[in-house]
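Report on the following structure.
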Amino acid sequence: MTKFLSTTLFVVLCSLYCQAALVKGTVTDNNNQPLPFASIFIKGTTTGTTSNAAGQYQLELPNGNYTVVCQYIGYKKTEVKVAVTAAEQQLNFRLEPLQMQIKEIVVKAGGEDPAYAIIREAIKKRKFYQEQVYEYSCTSYIKGSIGVRNVPEKFLGKKVDKKDVGVDSTGKGVVFLSESLTKVYCRQPDKIKLDVISSRVSGGGLGLDFPAIISFYDNNVSAVITQMGPRGYISPIAENALSFYKYKLEGTFIDDGKTVNKIQVIPKRKHEPLFSGSIFITDGDWRIYSVDLLLTGDYQLEIIDTLNIRQTHVEVTPEVWRTKDQVLHIALDKFGFAMAGNFVNVYSHYNLDPKLGPKFFDNVLIKYDSSYNKQPHGYWDSIRPVPLEPLEVKDFHEKDSAAQANKKAALSPRHIDSLQHAQKKITVANILWSDVSRKYYFSRDSAVLFNSLNIKGLVKALKYNTVEGLALALEPTLYFNTSDETSLVIRPNIRYGLSNTHLNAFTRIDFGKRSKVANKIGRDTWSIAGGKRIMQINPANPIGNLMNELYTLVFKENYMKLYENWFGNLAYGRTFQNNSRLAVSLLYEDRMPLENTTDFVLFKNDKKSFTPNHPEELSNIPFTRHKAFVASIGFSFQPGQQFVEFPDRKISIGSKYPTFTVQYIKGIPNIANSVVDYDKWKVAVYDNMNFKLFGEFRYQVSAGGFLNDKNVQLPDYQHFNGNRTFYNDRYLNSFQLAPYYQYSTTASFYAMANLEHHFNGLLTNKIPLLNKLKWNLVIGSNAFYVNQRNNYIEAFAGLENIFKVARVDVVAGYQSQAPTRVGVRVGFGGVIGSALKAAID
């Protein structure tokens, strides 16, 4: 019986498939020029497609009679009745430009364009249309492609390998191509869930599977990714839009008995987060009919040069209209790289009453089907609403074939040998400056793996301080693939000071998951280290080597305070599925004080002398050789984590809530002659809060203290990260003008707060020069409190995004134990600077 039903179902499905026919053709204007990304759909439904960049479309329909509608912004909508009977039918559309009607209007002195009255009505209806549908579902097909038109011969002084970029010898080619089919579920006010049915990338990988859901009924419109505009962009029909835009009625036309108004949107001021272009509003019900809007660098668009957003809205029911298709066109021409791309979203199968359960929206934002990346080419040909262009067909074919061939050949000894020999030869420049890096390839379990060795250049390995003098620190890293899921990292460290003639050497070994993402049960890391090392008295390393060397050699200021220790350390870390982290550590140290052994400087200055290696602010606290055994445990968590769920793992993608951390440290006496005896605690919370037009607020607040301070040695004190140099890179974990050790304490309680607000163009857009340069204001304050005699507060104001890289702050610090100081601090800040800082960290 079961076999009979299965056979019957198969026959029915085959017969339905056979009854389907393909309607295809081209969309052109009255001069036979193709109209790219025109909307084609069945009247009365949201079933449809979008033409490609060449104006070609295809639409698969069951046999029957239909009215096919073709619509393109700026052209008269055309409807054609068609009887679908053949396996394939040709249906071309030739669209005529819209004949706009301009009503004769008498505008009195001081009067306004009639567009303003229409926009006011649309603003009144904005919230109604924003909340009109409580929940809905739809299907989204996404095709994204990025092409390169030019590649420079050199970039940052290095020759550009066009093969690595993915272009031909002329500097042209497709560098990214993907398509996907995603089921979208939404509920008011901000719930969303995506089920990725299928995904494909040219050459393999993960596609662009997240539909760019852009609603101009929102006051603040997010343009694809936050980095393109952290403040968002003001909708042309936002509540306060009349303060930012001018409007001009370009004309009206009739569509299905409805009058549609084409309104030109004109920003009032440059360098505000504003659109320009056209918005089409229907008369009477004042809803969005379509949009054709542009963002540029003059209006706070970052990273790329232009972003054009085109949307066509269609009737789902007589009362409800939804986006039928959306096209994003991006363009970029920077540093000799010229790129352009299109991202087409076709929405269909809207369900305005999906009856989603109360627990339907959980912490999984995106879920991938078990076979999302295993579909054959025939599947894509059957579901693809937007035809591929010849160049895209070629790109898919060539890169997929190459990937398949490479996969088959990857495990061959010949291929592994070629990878081994393809590595560049080690040069004198590598040894002296750039790192020496070698990989050793091998195959295991149907995969090509590698072990690697990396050694920093000798010049980078040179350090200088008043304790060691010139020191050479060799820090090689050896990475081993021990299995498909685990790895072993060995980091030897050998350091020799020429002035104090001390040799320090230790090794750290990390064993854990090789993958950078957590699987369903989390990931574990074990670490063991031991030997002899030199380190700062404040283990948070408040001053970096480079700044210390500069101030020591040039300004005769030795801010770095050091000690040596024989040590052994065992640590365990676990990252849970919800991205919470647990860290446990046992540390033993035999701590030895150090003295200055050199006073060499580049420029002699008899008016200044180096301070002792013992922090002068803590001169009344002795530091003699002693042993310490310290245990610590820490836990951090961020509630409300959301996830991307793949068939074999989950990846955390963050939360809108703050991150909380707790830590407890115990100094344990009488173990291996340990003398320390203390109990230290700390709790902290930090977050980045994006207020869109009003900027981004970042903060870190913490509190802690000593429950027991029977025996606390200098390295165990609570130190506050001061800064006496012009450079700062720890904006939420330092005090920009505070001394390094003056406020160190063993008090039972202390509190710290680091706050800063990034205006991201707000306020500075009123200053013409700063507005043009896109230099943005940042203000904030840092403070800590121990008691009435031990506290500190500073306030700062600065400019960031200077040349996209730098940030400069003017800081005023009030110190309870010293006069008020004013100083200037420089660091990374801006679109590129933030990325550089993250890479350095």
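The values are calculated or read from the model by the stated rules, or taken from the named source; none is laboratory data. Model, not experiment: these values are computed from the prediction. Virtual Cβ from ideal backbone geometry, glycine too; neighbours counted across all protein chains shown.
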Residue selected from the range 652-670 under the condition surrounded by fewer than 16 Cβ atoms within 10 Å (Cβ to Cβ) and more than 16 Å from D709 (Cα to Cα), by the criterion modelled with the highest pLDDT: V662
Residue under evaluation N688, criteria (1) touching a residue at least 12 places away in the same chain (Cβ under 8 Å); (2) more than 24 Å from Y743 (Cα to Cα); (3) in contact with a strand residue (DSSP E or B) (Cβ under 8 Å, 6 or more places away or on another chain), criterion not met: (1)
When residues of the range 44-55 are limited to those that are in a loop (DSSP other than H, G, I, E, B) and not polar (S, T, N, Q), the one modelled with the lowest pLDDT: G44
Residue match in the range 773-781 (condition: surrounded by fewer than 22 Cβ atoms within 10 Å (Cβ to Cβ) and within 26 Å of P539 (Cα to Cα)): yes
Top-ranked residue of the range 47-65 - restricted to ones that are surrounded by 21 or more Cβ atoms within 10 Å (Cβ to Cβ) and hydroxyl-bearing (S, T, Y), ranked as farthest from D325 (Cα to Cα): Y57
Any chance Y247 is over 29 Å from N801 (Cα atoms) and aromatic (F, W, Y): yes
Restricting the range 285-344 to residues that are on the phi < 0 side of the Ramachandran plot, aromatic (F, W, Y) and outside any helix (DSSP H, G or I), the residue that is modelled with the lowest pLDDT: F337
Where a residue in the range 250-272 is exposed (fewer than 14 other Cβ atoms within 10 Å of the Cβ) and its partner, wherever it lies, is in a strand (DSSP E or B) and not β-branched (V, I, T), with Cβ under 7 Å and at least six apart: K268/Y245; K268/K246
Per-region count, the range 462-492, residues of a type in the set (G, A, S), surrounded by 16 or more Cβ atoms within 10 Å (Cβ to Cβ) and within 32 Å of the chain's Cα centre (by Cα): 1
Test: residue in the range 692-713 that is assigned to a loop (DSSP other than H, G, I, E, B) and closer than 30 Å to N548 by Cβ: yes
All positions within the range 22-43 that are within 12 Å of D325 (Cα to Cα) and either more than 39 Å from the chain's Cα centre (by Cα) or assigned to a strand (DSSP E or B) (or both): S39, I40, F41
Residues that are closer than 24 Å to Q642 by Cβ and either assigned to a loop (DSSP other than H, G, I, E, B) or of a type outside the set (A, V, I, L, M) (or both), drawn from the range 364-388: K367, Y368, D369, S370, S371, Y372, N373
Failed item, numbered, when P230 is tested on (1) assigned to a loop (DSSP other than H, G, I, E, B); (2) farther than 19 Å from R126 by Cα; (3) over 22 Å from the mean Cα position of the chain (by Cα); (4) at pLDDT 80 or above: (3)
Tally, over the range 189-206, of residues that are in contact with an Asp or Glu (Cβ under 7 Å, 6 or more places away or on another chain) and farther than 20 Å from K367 by Cα: 2
Qualifying residue in the range 675-689 (condition: of a type in the set (V, I, T) and part of a strand (DSSP E or B)): yes
Selection from the range 608-641 of residues that are surrounded by fewer than 16 Cβ atoms within 10 Å (Cβ to Cβ), assigned to a loop (DSSP other than H, G, I, E, B) and under 32 Å from the mean Cα position of the chain (by Cα): P639, G640
Count of residues meeting criterion [among the small types (G, A, S), more than 16 Å from G25 (Cβ to Cβ) and either without any contact (Cβ under 8 Å) to a residue 24 or more places away in the chain or assigned to a strand (DSSP E or B) (or both)] in the range 61-91: 1
Flag for N782 being assigned to a strand (DSSP E or B), within 31 Å of the chain's Cα centre (by Cα) and outside the structural domain of E302 (by TED's automatic domain parsing): yes
Number of the exception - E179 against (1) of a type in the set (D, E); (2) closer than 24 Å to L352 by Cα; (3) crowded, with 21+ Cβ neighbours inside 10 Å: (2)
Complete set of residues in the range 732-753 that are in contact with a strand residue (DSSP E or B) (Cβ under 6 Å, 6 or more places away or on another chain) and closer than 19 Å to A797 by Cα: L732, F735, Q736, L737, A738, A753
Residue satisfying all of: in the range 353-379; more than 28 Å from the chain's Cα centre (by Cα) and over 30 Å from E135 (Cβ atoms); surrounded by the most Cβ atoms within 10 Å (Cβ to Cβ) among these: H377
From the options L732, L755, residue that is in the same structural domain as R807 (by TED's automatic domain parsing), surrounded by fewer than 18 Cβ atoms within 10 Å (Cβ to Cβ) and assigned to a strand (DSSP E or B): L755
Verdict on Q89 being closer than 19 Å to K258 by Cα and either at pLDDT 90 or above or surrounded by 14 or more Cβ atoms within 10 Å (Cβ to Cβ) (or both): no
Filter result for the condition that a residue is over 22 Å from H719 (Cβ atoms), buried (at least 19 other Cβ atoms within 10 Å of the Cβ) and of a type in the set (D, E, K, R), over R523, R581, R574: R523
Which listed residue, of L546, L553, is outside any loop (DSSP other than H, G, I, E, B) and free of Cβ contacts under 8 Å to residues at least 12 places away in the same chain: L546
Residue match in the range 796-807 (condition: crowded, with 16+ Cβ neighbours inside 10 Å, in contact with a Pro (Cβ under 9 Å, 6 or more places away or on another chain), not in a loop (DSSP other than H, G, I, E, B) and not charged (D, E, K, R)): no
